[in-house]
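The values are calculated or read from the model by the stated rules, or taken from the named source; none is laboratory data. Source: prediction; values computed, not measured. So basically every Cβ, Gly included, is an ideal-geometry build from the backbone, and we count neighbours across all protein chains shown.
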Amino acid sequence: MKEISASLEELNNVVTYLETTLPSNAIVFLRGDLAAGKTTLTQAIAKSRGVESEVTSPTFSLQQCYGTKDGSGLYHYDLYRLDHEEFMQLGLFEEFEKQGWHMVEWGSDELKAFLEGVGYNVATVDIESQENSRIYRINI
């Protein structure tokens, strides 16, 4: 596990670590309380990867897809209202076959265990709010 303390201005330190450590195809579970910075981290990753469109939380659409400058995708999911069973019934599991990084907010432990069990590269970033910064605990 890698732990990085970063303010908003230092968020690129987290992005750089992920870019140099994660494989080109990965599923990243973003965990933290409401307003911990899950979408903010995804926005920083998108910017680093050349995404020019606005990156917002896919709270109502469940998924946002972004093209990146290297041709791979950046996929952002908000599964707050879905349990594992509903996720599978909607066919969203098949989305993980797409090339790129899949950033998953509010993913269940059951979904994470399932994805690891079928061979996906799964990482977890736990985000803890501090007064003027965040602590990012990264398990790859």
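General remarks:
- Ile27 vs. criteria of a type in the set (Val, Ile, Thr), touching a Phe, Trp or Tyr at 6+ places or on another chain (Cβ under 9 Å), crowded, with 19+ Cβ neighbours inside 10 Å and modelled with pLDDT of 95 or more: yes
- Looking at Ser61, Ser72, Ser53, Ser108, just one residue is closer than 28 Å to Ser133 by Cα and modelled with pLDDT under 90, and that residue is Ser53.
- Looking only at residues of the range 111-140 that are buried (at least 17 other Cβ atoms within 10 Å of the Cβ) and among the small types (Gly, Ala, Ser), we find that the one that is farthest from Thr20 (Cα to Cα) is Ser133.
- Long-range neighbours under 6 Å by Cβ, at least six apart or interchain, first residue closer than 14 Å to Asp109 by Cβ within the range 72-88, second of a type in the set (Ser, Thr, Tyr) and not in a helix (DSSP H, G or I): His84/Ser108
- Some residue of the range 2-10 being within 28 Å of Glu94 (Cβ to Cβ) and not in a loop (DSSP other than H, G, I, E, B): no
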